[in-house]
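Working notes for the structure below.
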Amino acid sequence: MANIGVIGSGSWATAMIKMLTDNHQEKQINWWVRKEEDIEYIEQYHHNPSYLSAVEVKLDRISLFSDPKDVFANSDIIILNTPAAYLEDALKDLVPVDFQNKLLISAIKGIVPSIKMIVGEFLNQKFQVPLEDTVVVGGPCHAEEVSLEKLSYLTFASKNTANAAVVAQYFQTHYIKTVVSNDLLGVEYGAVLKNIYALACGICHGLGYGDNFQAVLISNAIREMEYFVNAIDPQPREINQSAYLGDLLVTSYSQFSRNRTFGNMIGKGYSVKSAQLEMNMVAEGYFASECIQDIILDHQLEMPICNTVYNILYKNQSATVAVKTLADKLT
């Protein structure tokens, strides 16, 4: 029987708990929930009070923990599912030996901001987790639609596709189909970039640009994504697959997209700080924008959409002026 640990208790982590418990493979789930009061509520009412509160938490297959070390000690497969900005804090009491003989799954679509690394590289450098023992989960798959059991697809990517297939089998349900990929870095960087592009779409919507312009923006964005991932990790890949283009589309257009919502607020004139306070949720694209910008400069890449978002968010450039300049570069 597999022992699967989940680190995180937000919307996406709660959706994963639902998928794991709806899946028929035998397993024990060990779930780290950050707030003690949330643990008490879940134990009493079988629902997460803070996120996706309509989802039933089936406690007959779940043990709740307030310390991540306990989850690691009792699990063979560990799913990391916190915002990227909070990952270091969640793992602060852990050391490399805690990660030995574990299969690590990153469901985090962001970059660890303090060291500007994607999660797989962070785990490898800080905790000596081999990349072959790391699996990345890609979309398109919004937590809110999982909670409604709307048909969705997940891509599991690893340099060792056998590990990806092992993990994928625990998520298959009547509403979740799975795909296995060997493109670990491409899927992970694609998940980071699509959040930045969704921010760009939100900014343009907030400024009053219409669907025609959004279509041009997204068609340029997928080419920019392909250019980036091929520069960072050149290998054969089909950029029109769902883990890349599909995830970009849903994040750019969906009503559930935090990054599009955040960008829309920026386009309407909110400051970054006021938009963050009003949303009360993390838009991964904000932190990713600064990190990706450093990579762009290091590799001397031409990335006009990413540059535009960075200049608006971090250089206080007028969104109106920045998007007008960008529009002249799109084709």
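The values are calculated or read from the model by the stated rules, or taken from the named source; none is laboratory data. Keep in mind that what you see is a predicted model, and the values were worked out from it rather than measured. Every residue, glycine among them, receives a Cβ derived from its backbone with ideal geometry; neighbour counts consider all protein chains shown. Side chains are part of the model used for accessible areas, which takes the heavy atoms of the whole protein and leaves out ligands, DNA and RNA. Shrake-Rupley method; radii C 1.70, N 1.55, O 1.52, S 1.80 Å.
Assorted remarks:
- Projecting the Cα atoms of Leu59, Asn307, Gln241 onto the dipole axis of the chain, where Lys and Arg carry +1 and Asp and Glu carry -1 at the beta carbon, places Asn307 farthest toward the positive end.
- Solvent-accessible heavy-atom area per residue, rounded to whole Å², over the range 215-331 at 1.4 Å: 48 Å²
- The loop-placed trypsin sites (Lys or Arg not before Pro) in the range 30-89, going by DSSP, that have at most 15 neighbouring Cβ atoms within 10 Å of their Cβ come out as Lys35, Lys58.
- Contact order relative to length of the range 162-262, as percent, for alpha carbon pairs under 8 angstrom and 6 or more apart: 38 percent
- Estimated [θ] at 222 nm from DSSP helical runs (n ≥ 4, -39500 (n - 2.57)) normalised by residues in the chain, nearest 500: -14500 deg cm²/dmol
- Here Lys324 is the anchor, and the aspartates and glutamates within straight C-alpha reach of less than 20 Å, apart from those fewer than 8 places off in the same chain, are Asp211, Glu224, Glu302.
- Shown here: the range 59-183, whose C-alpha atoms stretch 38, 35, 26 Å along the first, second and third principal axes, sorted largest to smallest.
- Membrane-span-like helices in the chain (whole DSSP H runs, Cα extent of at least 27 Å along the helix axis, mean Kyte-Doolittle hydropathy of at least 0.5): 184-207.
- Per residue, the range 125-193 exposes an accessible area of 37 Å² to a 1.4 Å probe, with every protein chain left in place.
- Against the compact-protein benchmark of 2.2 N^0.38 Å, the Cα-based radius of gyration of the range 203-255 scales to 1.26.
- Restricting the calculation to alpha carbons of the range 200-331 gives Rg and Dmax of 14.3, 42 angstrom.
- Binning the C-alpha pair distances of the chain at 20 Å intervals from 0 yields a P(r) profile of 33, 58, 9 %, listed from the shortest bin outward.
- Centroid-to-centroid separation of the range 86-111 and the range 252-305 [C-alpha atoms, Å]: 24 Å
- Sulfur and carbon atoms: percent of accessible area, the range 22-141 [1.4 Å]: 43 percent
- Under 12 Å from Lys315, Cα to Cα: aspartates and glutamates that are on another chain or at least 8 residues apart: Glu290
- Entries of Lys69/Lys126; Lys273/Lys329; Lys27/Lys92 with Cα pairs more than 22 Å apart: Lys273/Lys329; Lys27/Lys92
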